[in-house]
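The values are calculated or read from the model by the stated rules, or taken from the named source; none is laboratory data. From a predicted model like this one, the values you see are computed outputs, not experimental measurements. Cβ atoms come from the backbone with ideal geometry, glycine included; neighbour counts cover every protein chain shown.
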Amino acid sequence: YYLRVKDESYQFDSQLRIAALLAALGRADEGLDKLEALAQEQSSWSRRVRVYLAQGEILRAEGRYRDGVEMYSRALLQKPDDPNLLYARGLMAEKIDRLDMAESDLRKVIALEPQNANALNALGYTLADRTERYQEALKYILRASELVPDDPAILDSLGWVSFRLGKMEEAEKWLSKAFEKLTDAEIAAHYGEVLWAINKKDKAREVWQKGKEQDAEHPVLLETLERIKP
C-alpha cells in the first residue's frame, strides 16, 4: 500500500512509515538509508526535521546513541538553533554520558522556548539523576510542573528529585501519583526504590513487578533491580 501512494503529502508520510517498518523488521540500515535520501529531497525545513527525528528514533531504538548524536550534529550545522533538533540531541547526548552537550542543548531550547515544559523537565531530571545539583534541578522541574501540572513524566521527576534531596514523604507522594496516572517501567523503578528505602518492601516488589509487566527489559528498571537485589 505505502509503495503505491502518489499524493505528495501522503507520499512523504508513507515514506516515513516505510522506514519505520523496515527498522521494525530488523532492516534498520535500509530504513536509515531511505530516510537519508528522503531528507535530501526536501526543500521544506520542517519536513527535513521530521526526517531527522525519524532517523533519530530508529537509532535510539537500536541503542546506537553515538550515531544519533552525530546525525543530529550534522543536521544542526544547517540550522544551529532548531529547538526540535537541539532537544533530541540533548536527550541522546545524555545516553553517551555527554552531559555537557545535553545540558547545553537543553538550555538553548529553554532560551528559545521558555515555556517548553519538556525541555525544562528533561534538564531538571538530568541534573537530578546524573549530578548532585539537586536544588537547581528542582527549580527547572517546578517550572515544568507549573506549565503542565499533572504530566506523569514531570510528577516522576518531582518524586525523583525529592528522593535525591532526602524528602521521602514528598518523593512517595509524587511517585505514587505518577504511577497511578501511568503504569510505566521507569516510574516503577523510581517508585519502588523510594518504597524500598522507607521499608515498604512488599509494596516495592509489587510495583517493580508491574513495571516488569510493562517492559521487562527497561534499562532503568534493570539497573535498579540489579543494584538493590530485592
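Just a few scattered comments:
- Cross-chain or 6+ apart pairs with Cβ under 9 Å, the range 133-157 first and in contact (Cβ under 8 Å) with a residue 12 or more places away in the chain and closer than 10 Å to ALA117 by Cα, then among the acidic types (Asp, Glu) and part of a loop (DSSP other than H, G, I, E, B): ALA144/ASP151; SER145/ASP151
- Scan of the range 106-120 for residues that are in a loop (DSSP other than H, G, I, E, B) and either within 19 Å of LEU155 (Cα to Cα) or within 17 Å of the chain's Cα centre (by Cα) (or both), ordered by number: GLN115, ASN116
- When LEU147, LEU77 are checked against the criterion of being assigned by TED's automatic domain parsing to the domain that holds GLU217 and surrounded by fewer than 22 Cβ atoms within 10 Å (Cβ to Cβ), a single residue qualifies: LEU147.
- Residue within the range 165-176 that is farther than 21 Å from ILE96 by Cβ, of a type in the set (Gly, Ala, Ser), free of Cβ contacts under 8 Å to residues at least 60 places away in the same chain and not in a helix (DSSP H, G or I) present: yes
- Among the residues of the range 144-182, just one is within 16 Å of the chain's Cα centre (by Cα) and of a type in the set (Ser, Thr, Tyr), namely SER157.
- Exactly one residue out of VAL161, VAL109 is over 26 Å from GLU193 (Cα atoms), surrounded by 24 or more Cβ atoms within 10 Å (Cβ to Cβ), touching a residue at least 12 places away in the same chain (Cβ under 8 Å) and β-branched (Val, Ile, Thr), and it is VAL109.
- Subset of the range 14-44 (residues that are over 13 Å from ILE58 (Cβ atoms), of a type in the set (D, E, K, R) and surrounded by 13 or more Cβ atoms within 10 Å (Cβ to Cβ)): none
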